[in-house]
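A short write-up of the structure that comes next.
The values are calculated or read from the model by the stated rules, or taken from the named source; none is laboratory data. Everything numeric here is computed off the predicted structure, so don't read it as measured data. When we count neighbours, we look across all protein chains shown, and the Cβ atoms used for this are built from the backbone with ideal geometry, even at glycine. Just so you know, the surface numbers come from the protein's heavy atoms only, side chains and all, with ligands and any DNA or RNA stripped out. Shrake-Rupley method; radii C 1.70, N 1.55, O 1.52, S 1.80 Å.
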Amino acid sequence: MTITITAFERSPDRGRGLARDMRVRWALEEVGQPYEVRLLSFEAMKEPAHLAHHPFGQIPTYEEDDLALFESGSIVFHVAERHTGLLPDDANARARAITWMFAALSTVEPPIIDRAIVRFQERDQVWYEQRLAMVDDRIKQRLSELSDRLGDAEWLDGTFSAGDLMMISVLLRIKGTGILEDYRHLSAYVARGEARPAYKRAFAAQLAVFTAASGD
Ligand SMILES: N[C@@H](CCC(=O)N[C@@H](CS)C(=O)NCC(=O)O)C(=O)O
């Protein structure tokens, strides 16, 4: 079984590990599955060959034998279901871990993505500052609720799971903004994720792509 994922040929985040192939790499590293990476330019992402794998012309995608998937959440879920290490055996604990994956993607990630859109696409608007403040408030509300739930626990529900992998991947997007840093439990939680050997291997792999592309 050969696994191939897609990633940016030159990531706009300059190798900071924020592109969504990172969460797939991390999941594959956690379960010990080797994988290959097909690197794509922005132009290639919109060409028919890639659109056949991803209807929206984005990364990441995932191919394994005759299965092709898109959407990072679906890919991480698939990896977690097929291999041990990312979902608990107990049925209820497993359902809760999956719930945290959904919470990361559908409740916590949206305002965080909105912030990136405001900062990079709406900066010239007269209402920029007001809109940014509004979005930041929405993020803070979610972080505050999440932090209350996590408390000083190591992970969201017992042992590390795909739910934590997804939540930490989402929170990493606001690391360094000062917002995450106001929540010490969440900052420590993210740092625990980053300290995992599988995370480090995934991070190094995506950074190597950027370094090679930029000749640094
Ligand atoms: N919901 C999708 C979002 C995918 C996505 O936005 N990918 C970004 C990279 S992180 C991308 O391909 N951007 C380029 C584009 O949309 O043209 C997922 O989780 O996989």
Is the stretch 52-142 rounded, prolate or oblate when judged by the Cα gyration tensor, a ≥ b ≥ c being the square roots of its eigenvalues, rounded requiring a/c under 1.5 and prolate requiring a/b larger than b/c?
-> oblate
Sparse-neighbour loop sites [GluC sites (Glu not before Pro); the stretch 98-201; at most 12 other C-beta within 10 Å; DSSP] | E154
Roughly what percent of Cα-Cα pairs across the stretch 1-86 reach past 19 Å?
-> 33
May I ask which residue of A191, A7, A103 lies farthest towards the positive end of the charge dipole of the chain, with charges of +1 (Lys, Arg) and -1 (Asp, Glu) on Cβ and the Cα centre as origin?
-> A191
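Return the carbon/sulfur percentage of the accessible area of the chain, one whole number, probe 1.4 Å, all protein chains in place.
51
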Dipole magnitude of the stretch 48-171, debye to nearest 20 (Cβ charges: Lys/Arg +1, Asp/Glu -1, about Cα centre) = 400
The relative contact order of the stretch 91-196, taking Cα pairs under 8 Å that sit 6 or more residues apart, comes to a percentage of 37
Loop-resident sites, the stretch 50-123, for chymotrypsin sites (Phe, Trp or Tyr not before Pro), counting at most 11 other Cβ within 10 Å (DSSP) | F56
Counting only heavy atoms of protein chains, what accessible area per residue, in Å², does the stretch 94-216 have with a probe of 1.4 Å?
-> 52
For S41 and T107, compute 0.36 nm times the residue count separating them, minus their Cα-Cα distance, and round to one decimal in nm.
-> 20.8 nm
Measure out, as a whole number of angstrom, how far apart the alpha-carbon centroids of the stretch 1-51 and the stretch 111-175 sit.
-> 23
Using Cα pairs closer than 8 Å and at least 6 residues apart in sequence, work out the relative contact order for the stretch 1-100, in percent.
-> 32
Where q = 0.08, 0.16 Å⁻¹, what log10 of I(q)/I(0) comes from the Debye formula for the chain, counting one point per Cα?
-> -0.29, -1.16
Rounded to the nearest 500, what is the chain's calculated 222 nm mean residue ellipticity when only DSSP H runs of at least 4 contribute -39500 (n - 2.57) each, over all residues?
-> -17000 deg cm²/dmol
Mean Cα-pair separation over length for the chain, i.e. relative contact order, pairs under 8 Å, 6 or more apart, % = 28
Report the accessible area of R10, computed with a 1.4 Å probe over the heavy atoms of all protein chains in place, in Å² rounded to the nearest 10.
-> 120
Under the Kirkwood approximation for Rh and a Cα-based Rg, what ratio Rg/Rh is obtained for the stretch 91-196?
-> 1.01
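Less than 13 Å Cβ to Cβ from V170, Lys/Arg counted +1 and Asp/Glu -1: what total charge do the surrounding residues give? Mind showing how you got there, number by number?
Working: positive: R20, R23, R115, R142, R173, K175; negative: E109, D114, D164.
Its environment carries a net charge of +3.
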